[in-house]
Ligand code: A2P
């Protein structure tokens, strides 16, 4: 029986990629890896459009940060599960061997090119906003360019920090990057709703000086030394912009590199 238009198959599309592994972190978060098109070149920190074929036969795509570094043979993505979300209600059930659609046009501002040279680099993320930093933390260029890299990640509950925690643990033991990371990468995870060893919003821990005290590093930030990349909800991004501008850091872009860059964490559905 020939295929009809009513039964579209992803594998007939030129942009199809095959899922190689899936990890469920809790009932709200999962990550997966897939094949990488040979022609896809991207800068660590960029995002692409990915998705599945919709019921109507049209691709259903959302912007996702690539969580894997640019040297990786495969691609990794980190996602929330929205039970009634058009895409993630289905994407969360994806299995190894199945296919997704990937539009190979990477873009984004959370890239080294959008920042001027500096000494300390801050990665500031809430929730799935850690995805672009999962890429950048695994990129040797990050450690070549900066003396110190500080990853602040804040979520409501501990289970939401697990993807980042395990990634950083693996990074420290990695034969390739482990040595570069040693002593340079500082990790500051906090929760806001579940009690844990470290708590509080990133904005509060920065403005109170707590993060500088806890890590034993000089504060506050200054445009002479510090560069920052921000990725979270719209409210988080706006509040953090105020904090960074208050310390005289200037927002940069690909066309005008400066002291900090911001991008919204995608896929709210
Ligand atoms: P809080 O629990 O105090 O709201 P969400 O799940 O709502 O996207 O939030 C993810 C994390 O980001 C939570 O820990 C939340 O803290 C924190 N957060 C939300 N909005 C802001 C903001 N405007 N400034 C700083 N942190 C924020």
*Do the sum for the chain: with -39,500 (n - 2.57) for every DSSP H run of n ≥ 4, divided by all residues, what is the mean residue ellipticity at 222 nm, to the nearest 500 deg cm²/dmol?*
-5500 deg cm²/dmol
*In square nanometres, what is one fourth of the surface area of the convex hull spanned by the alpha carbons of segment 112-262?*
8.2
*Once you sort the root eigenvalues of the Cα gyration tensor of segment 57-200 as a ≥ b ≥ c, which label holds: rounded (a/c under 1.5), prolate (a/b larger than b/c) or oblate (the other case)?*
oblate
*Given Cα pairs under 8 Å that are at least 6 residues apart, what percent is the relative contact order of the chain?*
20
*For the chain, what is one quarter of the convex hull surface built on the Cα atoms, given in nm²?*
14.9
*Based only on Cα atoms, what Rg/Rh ratio does segment 43-126 have, Rh being taken as Kirkwood's radius?*
1.03
*Stretched out fully, how many nm does the piece from residue 159 to residue 269 gain, at 0.36 nm a residue minus the Cα gap?*
37.5 nm
_Given R₀ = 30 Å, what would the calculated FRET efficiency be for residue 217 paired with residue 107, taking r from the Cβ atoms and rounding to 0.05?_
0.40
*If one takes the longest principal axis of the Cα atoms in the chain, at what angle in degrees, from 0 to 90 and to the nearest 10, does the Cα axis of helix 234-246 lie?*
30
*Pairing the Cα long axis of helix 162-173 with the longest principal axis of the chain, what angle in degrees results, from 0 to 90 and rounded to the nearest 10?*
70
*Among 29, 215, 206: highest mean-square fluctuation, GNM of the chain, C-alpha pairs under 10 Å*: 215
_Within a 10 angstrom radius of the beta carbon, how do 53, 229 rank from fewest other beta carbons to most?_
53, 229
*Spin-label point model (7 Å from Cα, Cβ direction): what's the residue 255 to residue 193 distance in nm?*
4.0
*If you rank 138, 90 by fewest surrounding Cβ atoms within 10 Å, what's the result?*
90, 138
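Values quoted throughout were computed directly from the atomic coordinates according to the rules given, and no laboratory measurement underlies them. All figures in this text were calculated on a predicted structure; none of them were measured in a lab. Reconstructed Cβ throughout: ideal geometry from the backbone, glycine too, with neighbour counts over all protein chains shown.
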